[in-house]
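The values are calculated or read from the model by the stated rules, or taken from the named source; none is laboratory data. None of these values were measured; they are calculated from a predicted model. Neighbour counts are summed over all protein chains in view; Cβ atoms, including those assigned to glycine, are modelled from backbone coordinates with ideal geometry. The protein model used for the area step is the full one, side chains on, heavy atoms only, and it has no ligands, DNA or RNA in it. Shrake-Rupley method; radii C 1.70, N 1.55, O 1.52, S 1.80 Å.
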Amino acid sequence: MNTTYFFSGRIIAAISASLFWSGQIHLNAASDVSISTAVTSGGSFAGPNPNVFTPTAASAVANKGTIQTSLNGGNAVTVNTASAAGGNGDLTVTSAIAKTAGASSTLTFNAVRDLIINAAVSSSTGAMPLVLNSGRNMSNAQALTSNGGNITLSPVQTFTVGAAVNANAGQVAIQSGSVESSSDQNITGSSVV
């Protein structure tokens, strides 16, 4: 049974859970990564499962087509901003990511600083668990839809909800930070913790 939680205004979530981060964080060195339709540049993808994007330049692009192909093939994808470069460590989704085929596959975003989701991230076939980590803030201006996969949100500071977050039969877990919204938004899942 799905539960829809309706949020309006600012909610301070007093959540004291551990933030698990798989990877290395460089506090003074990182890349700004954009997920778009542009050709992958300033970094590269490696590994079939998970297919991990690692940036090498201060500004990098991870091609959304590469991400979708991996997810549709049932392979997990991780996009990191940690690097030895001189960017801020922001990860911005500027083109929609749509999983439309294949078995369950996890999409992980690891932003050293901010995670900004300006385009929809969704699955219509197979569950797509979402693991979203940011060293400061995260926001979603467009919907996050996991088709039954768990959605784990781990901002160190604030998650600004700007559009629906829908895990359907999956769980929505807010691991750290606070949650706020300037307008009414729905967070839907089997449970929201």
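One residue stands out among those in region 145-162 that are free of Cβ contacts under 8 Å to residues at least 40 places away in the same chain and more than 16 Å from SER191 (Cα to Cα): the one that is surrounded by the most Cβ atoms within 10 Å (Cβ to Cβ), which is PHE159. The number of residues in region 163-179 that are surrounded by fewer than 19 Cβ atoms within 10 Å (Cβ to Cβ) and of a type outside the set (Gly, Ala, Ser) comes to 2. Just so you know, in region 163-176 the residues that are without any contact (Cβ under 8 Å) to a residue 60 or more places away in the chain and part of a loop (DSSP other than H, G, I, E, B) include one that is farthest from ILE116 (Cα to Cα), and it is GLY170. Scanning region 115-131 for residues that are in a loop (DSSP other than H, G, I, E, B) and open to solvent by 20 Å² or more (accessible area, probe 1.4 Å) yields ASN118, ALA120, SER124, THR125, GLY126, ALA127, PRO129. Just for region 64-97: of the residues that are assigned to a strand (DSSP E or B) and hydroxyl-bearing (Ser, Thr, Tyr), which one is surrounded by the most Cβ atoms within 10 Å (Cβ to Cβ)? Here the residue is THR78. Of note, SER34 satisfies the criterion of being polar (S, T, N, Q), part of a strand (DSSP E or B), within 27 Å of GLY148 (Cα to Cα) and modelled with pLDDT of 50 or more.
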